Structure formats: structure tokens, C-alpha cells
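Participant: Quick one: structure below, then a few questions.
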């Protein structure tokens, strides 16, 4: 059988072990783990060998934590840098902790700088030093420089392996350079053009280089307009630039404007996925929401916001306590008041989700804040009026009390207006105060809609003099 046929067979075998959603089938994972448990490491290795590195990472993640060391021992030679780069952070950290520093160094040396940094940055300081000492001087210098930049910045995200050429070269010079230098990175889409001080002055895509005669100079074929990424830029802003300008790769420059690295779109895809997931989970106060996160840390993260929620619930309860006399006189108030607060909470959450996303994507800035507030006020007023009509009609049909229908309708309008305004103003205020609006906005918006929902409904009932 030819080598091509062998590789084709491996690919088919690998694909056959995947579900439609590209996750490993339960029976395949069970077969691997049964082989590991039985001590048949050779069989387990044979099953895992045809898998793609990302699927091997999935296999390790799907394995119960107490069985991962045995699985790692069985497929040790398959767990390379590409596998670790695809692995969940918590699972990877546990595996890396179990390796010797020279083993981690060997893996890091195989990777691009950004992937190597992702593996090393979560290690303890002592372990980091051991790994860095085991690296080649050039690799060590590149990784140490990356670690000197803030977390989640372009400096941590970028890779140093790139292709840069002077603008006076011809296309033929570039082609010869690409073919001659064996140390160049193998994955790139653009060639960066630099001046004598190593500042980027333009870019050339590979397609332009391949289609241009050899005698043409790079300065005549390059594109001078480019998007430069400052080395200290936050990764969220990096992702927004890639999205806005439809970038495949971009040059990263230091404070003096010199080219120090590049960021590619595959890294940005990971950022977009991570940041979107983080914002959704933060809105609920669930922390990272990672199923591989230690239980104690998950409990600590969640209980913090649950305690805050308990405090806001007590505030809402105290408002109800002010009107216990009215509730005692007219029991229907206790039946209907949760509807007002609940609908206000839902309306506030809708507005909050839109505003947090707009802040995250730079759609909402100081230049259009007033317009956004006015827009949400109109939406809240319209929705409140519609809901007031519906709840008022329903109250009339069920209880035959026009006065009660008017009171609950007015309370619905008031609380929807409060929900709309707080859904906009709370996250904007927190963002301008330097607090992540995705983390704590929901608590304050819910408090506002609960407190004002109860206060408006029970207060209007007291003013109206409703009685059973």
C-alpha cells in the first residue's frame, strides 16, 4: 500500500470516530479508556494515533481527571505542542505541571512564540524559570520578551516568526530568499516590507509575489496602507480591528514603531470566541464557566455574586414591607406584584445585553450615548404601553376591577421605563468608572427593576386606595 493510501486511511479512520458536531463518539472514548485501564497502552495508542491534534486534545479533556495521567502516559509521544495549544487551559495546566521542565521546553521549542507563551505563562514562577533555562537562547529571549507584556495584550498574542524584506528588493530576490532560508516560518499570508530602521512601510500578499515578474521591485507591488497593532493593545481591540478591516494578518509594532511581530486571524478567532463566552458568563455571575475549572474556585466565583444578589433581594423585600398594610387589605396585590417586577427584569435584561455588546464592539461611544438613551427610552415606552394594555385587559377579565387594571397598567409602564433606562445607564456608568459592565451590570439592573416594580405598583395601589 502506498504512503498516500496509508495517510488517506488514517484520515478516514480519524473522521469515522467523530460525531456530526466534530466531537469524539462516546464509544470511541470508552474504548480508549478501557484499554488504558486494562494496562494495554499499545492498544490505546493505536486508537488515538490517527486523530488530529485538536481531537487528541478533546480526548484528554473528555477523560475523567483521575484517568488523565494514565492516558497521558499511554499516548505521551502524541501529546506534542500542537495538541497542548488546542487544549483547554485548565487541563493543559494540569498536564504541564506533571511534565519535567526539559519536556515542556522541548514542546515549547516546536511551537510559534504565541503558542509557547500560552503554555508557559500559567506556570509557577519557579517552573517558568526552569523551562526558560532549558530553552535555546533565541527561543528564551523571544518568550521572555512576550512574558514582559501585559496579559491579554497584543505582545502576548503575537508571534515573532514572520517574513520581512526591504522595499528595494526585487520580487526575484524575495522568492530566492523564501526558498533559500530554511529557518523561516512556514505559515504566513503576507510579507512585511520594512525600511532600514525596521519600521513597516507596506505589505505584499503571497499571491502578488507569485504573479509578478521577478524584475519588478517590491516597492512597486506592495500595498502601503496597512493596519498596525501597538504591542500593548488589548486583545479585544485587536479582534475588533481584524473584524472591522477584514484582516488576515497584521504587523505588531513597539513604542518606536519598529516591527516586532505579527498577529494572524486564527489567533483572533480564538479571542472572539473566548471574549464572547466570557461576557455571556459574566452577565450571569458564573465566572469563567469552564467545566474543567476546580470546584472550589467555581464555588468562590459564583457565591460572591449570589451573596450580592441576596443583598439586592433584601432591599426589594424591604420595599414590599413598607406596604404590608395595603397587601393585608387587598390580597390580589401580592398575586400581581411579581408580574410587574418580573416583566421589568426581562425588559432590563434585553436592553442590558444589547448595550454590553455595543460597548464591547465599540458601537456605543461617548458620541452616540445620548442617542442610545433616547432610543431605548422610546422602545421602553412603547413596550410598556403594549404590556400595560395587555395586563390591564387581563386583570379586568380575571378580577373585574377597573381600578386594579389601571394601577397595574401604570406600574407596568413605569417599570419598563426604569428597566430601559437602567439597562443603558448602568453599564455605561460602570464602563466609564473602569469596571467591566459585563461582570456586575445585571445585579444592579435587576435591583432597580425589582425595587421600582414593587414600589410603583404598591405605591400606586396605596395612592388609589385599593381595597378588597
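The values are calculated or read from the model by the stated rules, or taken from the named source; none is laboratory data. It should be emphasised that the depicted structure is a prediction, and the values quoted were computed from it without experimental measurement. Heads up, the Cβs are rebuilt from the backbone with ideal geometry, glycines too, and the neighbour counts pull from every protein chain shown.
Participant: Against the condition at pLDDT 80 or above, closer than 30 Å to residue 465 by Cα and either in the same structural domain as residue 398 (by TED's automatic domain parsing) or surrounded by fewer than 12 Cβ atoms within 10 Å (Cβ to Cβ) (or both), how does residue 320 come out, does it pass?
Facilitator: Answer is yes for this residue.
Participant: Applying the selection to the stretch 221-253, what residues are in a loop (DSSP other than H, G, I, E, B), surrounded by fewer than 16 Cβ atoms within 10 Å (Cβ to Cβ) and on the phi < 0 side of the Ramachandran plot?
Facilitator: 224, 225, 227, 232, 248
Participant: Then there is this: I need the full set of residues from the stretch 91-124 which are more than 20 Å from residue 59 (Cα to Cα) and in contact (Cβ under 8 Å) with a residue 60 or more places away in the chain, in order please.
Facilitator: Those that are more than 20 Å from residue 59 (Cα to Cα) and in contact (Cβ under 8 Å) with a residue 60 or more places away in the chain: 112, 113, 114.
Participant: So if I check each of 210, 247, which one is out of contact with any strand residue (DSSP E or B) (no Cβ under 9 Å at 6 or more places or on another chain) and outside the structural domain of residue 357 (by TED's automatic domain parsing)? Working first, answer last.
Facilitator: Working: 247 fails: out of contact with any strand residue (DSSP E or B) (no Cβ under 9 Å at 6 or more places or on another chain).
It is 210.
Participant: Does residue 222 satisfy being within 26 Å of residue 86 (Cβ to Cβ) and modelled with pLDDT of 90 or more?
Facilitator: Taking the combined requirement at face value, the residue does not satisfy it.
Results for (1) farther than 28 Å from residue 44 by Cβ; (2) surrounded by fewer than 19 Cβ atoms within 10 Å (Cβ to Cβ); (3) at pLDDT 85 or above, shown as yes or no for each residue.
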position: 55; (1), (2), (3): no, no, yes
position: 71; (1), (2), (3): no, no, yes
position: 74; (1), (2), (3): no, no, yes
position: 77; (1), (2), (3): no, yes, no
position: 82; (1), (2), (3): no, yes, no
position: 93; (1), (2), (3): no, yes, no
position: 104; (1), (2), (3): no, no, no
position: 123; (1), (2), (3): no, yes, no
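Participant: Answer yes if at least one residue in the stretch 394-402 is surrounded by 21 or more Cβ atoms within 10 Å (Cβ to Cβ) and either outside the structural domain of residue 238 (by TED's automatic domain parsing) or at pLDDT below 90 (or both), and no otherwise.
Facilitator: yes
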